[in-house]
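The structure appears right after this line, and notes come after that.
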Amino acid sequence: SYSFCTLLDWGETEKKKKKMSDLPPMRTDDKAARMLSALKNENKHEVVPVWAMRQAGRYLPEYMKFTEGTEFFYNCQTPERAMEITVQPVRLDIDAAILFSDILIVPQAMGMDVKMCPGKGPQFTAPMSVVGDISSVVDPLVEKFGEAAVKNSSKLIHDPSSQIGKSLVESVAYTKTALNLIRKNLDGKIPLIGFTGAPWTLMCYMTEGSSKPSYAGARRWFFEAPEKAQELLGLITNTCLEVLLQQIEAGAQIIQLFESHGGEITPECFEKYELPCLELIAKTIKTLHPEIPVILFARNCLHSLEKCFASSFDAVSIDCNTSLTTACTFAKKYGKAVQGNLDPCVLYASPEEITKVTHAMLAEAASVMGTTPSGVPASYVANLGWGMLPSHKPESLQTFIDAVHSYGKK
Ligand code: 1CP
């Protein structure tokens, strides 16, 4: 009694499986396995996994050379170039690669025009600068997809057949090609991370139009136009979710959400407006792809840290103003993993000092999380508390990575 529809779905699933199996399988050595082992609480790894936020970027001379005279988004949108930049830091012995792209491709998929201006950062041509007015984004979408589909897409449900997210992300399908190429280049030696921004952090840029010191212009939406804020966050959530599912289908093996402006929202607003968005994203990914770990970079989210750990994410990545012991205590309580949180400025110290501070951080993690059978901190991934800075030296990142890898070895 198979319906035609079931057979069609089955055919689609088989096609997808076949496409995935064209990608090189993960190797089985400790280096290839340690990130997933730590994030999934398996803790079979012998060496602490480590990578660095913004590990591909301006501190690398080869990035400067390769991107000279080119536009930032041109590099994101050209799969061969995105691949090349993504794998540049592999020479530093990192344990995961992260797709070279940006959180701002989600507003672009929603129809907004964003440019990256050297020295200034992102600049939106037409941000939603009137509080509560989302018509500049919504009207063109209604025109194209109809009122009902757009309304459905702002609800915190996942129903691709009645929502527009799946159609919107076709405009950023270049990331699929990039992810495929990167997986082939990495050849199963280390896993590949896909990402988007978290909805609130994206709302900050979409309403303010550029980097701002406090995002008060975005925050006031919750008090002046709460329903419109919710509608906008819903639309962003739907788009992020489809971007992430598209990335997973194309070969991303770990997902990270960047809540970079988590410090600019009150705990009350975070719980009421943002947490349900984050939860829908994490829960849907965990339901459709239980094997894919999902990490939340909860920058300056000490105000809501326990709620982050209690949510459906597998791991929370913390910044350097958040106590590692506090984060590890919550991680233990909820059976989650922790990532972080070396101050990027430690990388300006001498190699001896970088090693000393790194080893102290790992010892602190181990003291709360306990250790794997080989004696390294359990369910823990070493990282910086925020991204690499253009004035960092690659050798300093190398020292940090080597210090993480040498921890616990006699
Ligand atoms: O000229 C250049 O090369 C631009 C610098 C740059 C780079 C290298 C930008 C501009 N984005 C990126 C790449 C990038 N961005 C990655 C690639 C992979 C890697 O980490 O190696 C990732 C994951 C991001 C994510 C991103 N973009 C975030 C979240 C992480 C974070 O740093 O908090 C944010 C907030 C952005 C927005 C953004 N992109 C770029 C700038 C200058 C900004 C604004 C930052 C701000 O408002 O403070």
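Here are some notes:
- Residue within the range 56-70 that is within 9 Å of the ligand (Cβ to nearest atom), assigned to a helix (DSSP H, G or I), over 19 Å from L192 (Cβ atoms) and not acidic (D, E) present: yes
- Identification of helices (runs of 4 or more DSSP H) wholly contained in the range 199-255 with 1 or more residues that are under 20 Å from the mean Cα position of the chain (by Cα) and of a type in the set (S, T, N, Q) yields 199-208, 226-249.
- Residue among E279, E259, E264 that is away from the ligand (no atom under 13 Å from the Cβ), at pLDDT 95 or above and among the charged types (D, E, K, R): E279
- Total residues in the range 56-94, condition under 20 Å from G387 (Cα atoms) and touching a residue at least 24 places away in the same chain (Cβ under 8 Å): 23
- Checked across the range 81-102, the condition of being within 11 Å of the ligand (Cβ to nearest atom), within 30 Å of D139 (Cβ to Cβ) and surrounded by 17 or more Cβ atoms within 10 Å (Cβ to Cβ) holds for at least one residue.
- Cβ-Cβ under 7 Å pairs, at least 6 apart or on other chains, the range 396-409 side farther than 11 Å from L362 by Cα, far side open to solvent by 50 Å² or more (accessible area, probe 1.4 Å): T399/P351; I401/D93
- Restricting attention to the range 208-243, the residues that are touching a strand residue (DSSP E or B) at 6+ places or on another chain (Cβ under 9 Å) and closer than 17 Å to S154 by Cα total 5.
Listed here are the residues, each with its yes/no results for (1) in contact (Cβ under 8 Å) with a residue 60 or more places away in the chain; (2) not polar (S, T, N, Q); (3) not in a helix (DSSP H, G or I).
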site: I292; (1), (2), (3): no, yes, yes
site: L296; (1), (2), (3): yes, yes, yes
site: N300; (1), (2), (3): no, no, yes
site: F330; (1), (2), (3): no, yes, no
site: H359; (1), (2), (3): no, yes, no
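- Taking the conditions (1) assigned to a helix (DSSP H, G or I); (2) crowded, with 22+ Cβ neighbours inside 10 Å; (3) of a type in the set (G, A, S) in turn, A32 satisfies each one other than (2).
- Hits in the range 192-210 (condition: near the ligand (Cβ under 10 Å from one of its atoms) and in contact with a Cys (Cβ under 9 Å, 6 or more places away or on another chain)): T196, G197, A198, L202, S210
- Restricting attention to the range 261-291, the residues that are small (G, A, S) and either more than 18 Å from the chain's Cα centre (by Cα) or open to solvent by 50 Å² or more (accessible area, probe 1.4 Å) (or both) total 0.
Per-residue answers, yes or no, for (1) in contact (Cβ under 8 Å) with a residue 60 or more places away in the chain; (2) within 14 Å of the ligand (Cβ to nearest atom); (3) touching a Ser or Thr at 6+ places or on another chain (Cβ under 9 Å); (4) within 30 Å of Q398 (Cα to Cα):
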position: M110; (1), (2), (3), (4): yes, no, yes, no
position: D113; (1), (2), (3), (4): no, no, yes, no
position: G121; (1), (2), (3), (4): yes, yes, yes, yes
position: S135; (1), (2), (3), (4): no, no, no, no
position: E143; (1), (2), (3), (4): no, no, no, no
position: N152; (1), (2), (3), (4): no, no, yes, no
position: L168; (1), (2), (3), (4): yes, no, yes, no
position: T177; (1), (2), (3), (4): yes, no, no, yes
position: I190; (1), (2), (3), (4): yes, yes, no, yes
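- For the range 292-343, a residue qualifies if it is open to solvent by 40 Å² or more (accessible area, probe 1.4 Å) and of a type in the set (A, V, I, L, M, F, W, C), and the qualifying residues are L302, A310, C320, F330.
The values are calculated or read from the model by the stated rules, or taken from the named source; none is laboratory data. Because the structure is predicted, anything quoted here is derived from the model rather than measured. So basically every Cβ, Gly included, is an ideal-geometry build from the backbone, and we count neighbours across all protein chains shown. Ligands, DNA and RNA are excluded from the accessible area calculation, which covers all protein heavy atoms including side chains. Shrake-Rupley method; radii C 1.70, N 1.55, O 1.52, S 1.80 Å.
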